[in-house]
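Presented below is the structure to which this report refers.
The values are calculated or read from the model by the stated rules, or taken from the named source; none is laboratory data. As the structure is a prediction and not an experimental result, all values here were calculated from the model. Positions of Cβ are generated from backbone atoms using ideal geometry, with glycine treated the same way; all protein chains shown enter the neighbour counts. Just the protein is used for accessible areas: all its heavy atoms, side chains included, with ligands, DNA and RNA removed. Shrake-Rupley method; radii C 1.70, N 1.55, O 1.52, S 1.80 Å.
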Amino acid sequence: MKGTKTLALVLLYLLLFQASDSIVKMNHNTAHAEKKKIILQQADKLQGGKERSPTGRIEEVRSVSGNVVFVQENLLLSCDKATEFLESGIVQLRGNIFMTDRKLEVYCDKALYYPDTGIAELENNVKGRLLDDDLITKSERARIDNPGNQISIYKDAIAWQGERQLSGDSIAVQLKELNRKKNVETITVIGKAFLAARDTLDPSRQLYNQLSGKTLFIELDEQETVTGVQVDSQARSLYHTYDKDQAPTGINYSSGNRIVMSFAEGQLDRIAVSGNVEGKQYPNKLRGSRKIDLSGFRLRYDEKPVF
């Protein structure tokens with residue numbers, strides 16, 4: 001029985017992913033094509049036929065279902081059902097989708113994967129994390145560009161990293177390979193951008209510095225410490241201030257067309273506000289008061305996916 005099952009899987013592999021042409025000596029181009037090939041490792045069932053592809057054309061398809069596992073170079077992909085559109089090369093995935101390159105892992109319910117480019121478009125209950133980091137994301141849609149080291153999440157997009165929470169209409173995270181790890185290099189938020197970061201000088205651990213605007217750009221160093229932040233259009237900030245001895249002095253509120261912040265060793269060093277500038281300093285007695293929070297402030301750690 002074991003031999004029969006192994007033979008069946010080998011035949012399934014041959015039917016799906018091996019060319020029927022005679023084998024020729026591989027040149028540079030064919031070697032590159034081989035690297036892009038997506039290989040079926042296992043599945044319970046094989047079907048064929050014709051279906052309308054995401055391109056709108058009717059194409060020949062090969063579908064596999066039940067405990068489906070693919071590999072492509074360093075990428076592993078599993079799902080309940082996969083349909084390969086033979087003309088366009090698109091792979092459509094359904095049910096309990098899991099993707100990982102051993103540094104990033106993502107889960108969702110529906111996806112399209114483009115083997116030639118290494119790009120995946122994900123839908124429904126999308127959640128992801130960096131395995132060597134504490135970055136966790138949640139959204140309804142996402143785009144993973146594995147070769148380009150970029151994650152883009154859309155529709156109720158929210159990300160957590162340490163004690164920072166970031167939300168917006170869309171969030172694009174640019175990663176950088178460093179010492180065989182993927183580190184966050186920049187984060188760009190477009191639409192209803194909001195950053196809430198716990199005040200690290202507050203012993204009660206209850207205070208959060210806040211930023212909001214239409215767009216927000218964050219730069220991080222190789223240790224993933226924030227080095228710079230820029231907020232544009234309807235920019236607002238609320239942060240807790242301290243004297244040189246780290247004694248609290250109040251809460252600063254600023255607004256303008258643009259806010260630019262620079263940080264030194266993780267602490268706010270300079271802030272510049274430009275265009276229709278307004279500001280005020282709240283007294284210490286309002287520290288922790290929800291009345292002075294920026295509009296849209298809401299901690300959502302109860303929604304943070306558990307892996």
Self-check item: Whole-angstrom gap from segment 202-256 to segment 61-103, using each part's C-alpha centre
Solution: 42
Practice problem: Please work out how much length the chain gains when fully extended from GLU163 to LEU131, using 0.36 nm per residue of separation minus the C-alpha to C-alpha distance, in nm with one decimal. | Solution: 9.8 nm
Quiz item: Near GLU123, within a Cβ-to-Cβ distance under 11 Å, what is the net charge of the other residues, with Lys and Arg +1 and Asp and Glu -1?
Solution: +2
Self-check item: Too-long pairs where the Cα-Cα distance tops 20 Å, listed order kept, from LYS176/LYS214; LYS45/LYS81; LYS81/LYS182; LYS155/LYS214
Solution: LYS176/LYS214; LYS81/LYS182
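Rounded to the nearest 500, what is the chain's calculated 222 nm mean residue ellipticity when only DSSP H runs of at least 4 contribute -39500 (n - 2.57) each, over all residues?
Numbers: 2 runs with 25 residues, N = 307.
One gets -2500 deg cm²/dmol as the mean residue ellipticity at 222 nm.
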Quiz item: With contacts defined as alpha carbon pairs under 8 Å and 6 or more residues apart, what's the relative contact order of segment 179-307 in percent?
Solution: 19
Self-check item: Sequence-distant aspartates and glutamates (8 or more away, or on other chains) whose Cα lies within less than 13 Å of LYS37
Solution: GLU73, GLU84, ASP116
Exercise. Go through segment 210-221 residue by residue and turn each phi into a ³J(HN,Hα) via Karplus (6.51, -1.76, 1.60, θ = phi - 60°); whole Hz please, and just put x for glycine and proline.
Key: 9, 9, 8, x, 6, 9, 8, 10, 10, 10, 10, 8
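Could you state the accessible area per residue of the chain in Å², with a 1.4 Å probe and every protein chain left in place?
Working: 17080 Å² over 307 residues.
Result: 56 Å² per residue.
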Quiz prompt | In sequence order, calculated HN-Hα J values of segment 160-174 (Karplus, 6.51, -1.76, 1.60; Hz; x Gly/Pro) | solution = 10, 9, x, 10, 10, 10, 10, 9, x, 5, 8, 10, 10, 10, 9
Quiz prompt | Local net charge near GLY213, Cβ-Cβ under 10 Å (Lys/Arg +1, Asp/Glu -1) | solution = +3
Self-check item: FRET efficiency, 1/(1 + (r/R0)^6) with R0 22 Å, evaluated for LYS214 and GLN281 via beta carbons
Solution: 0.30
Quiz item: Label points 7 Å out from Cα along the Cβ direction at LYS45 and ASP156: separation in nm?
Solution: 3.1
Practice problem: Summarise the accessible area of the chain (1.4 Å probe, protein heavy atoms) by the percent that is carbon and sulfur. | Solution: 49
Quiz item: Among residues other than GLN150 whose Cβ falls under 14 Å from its Cβ, what is the net charge (Lys/Arg +1, Asp/Glu -1)?
Solution: -1
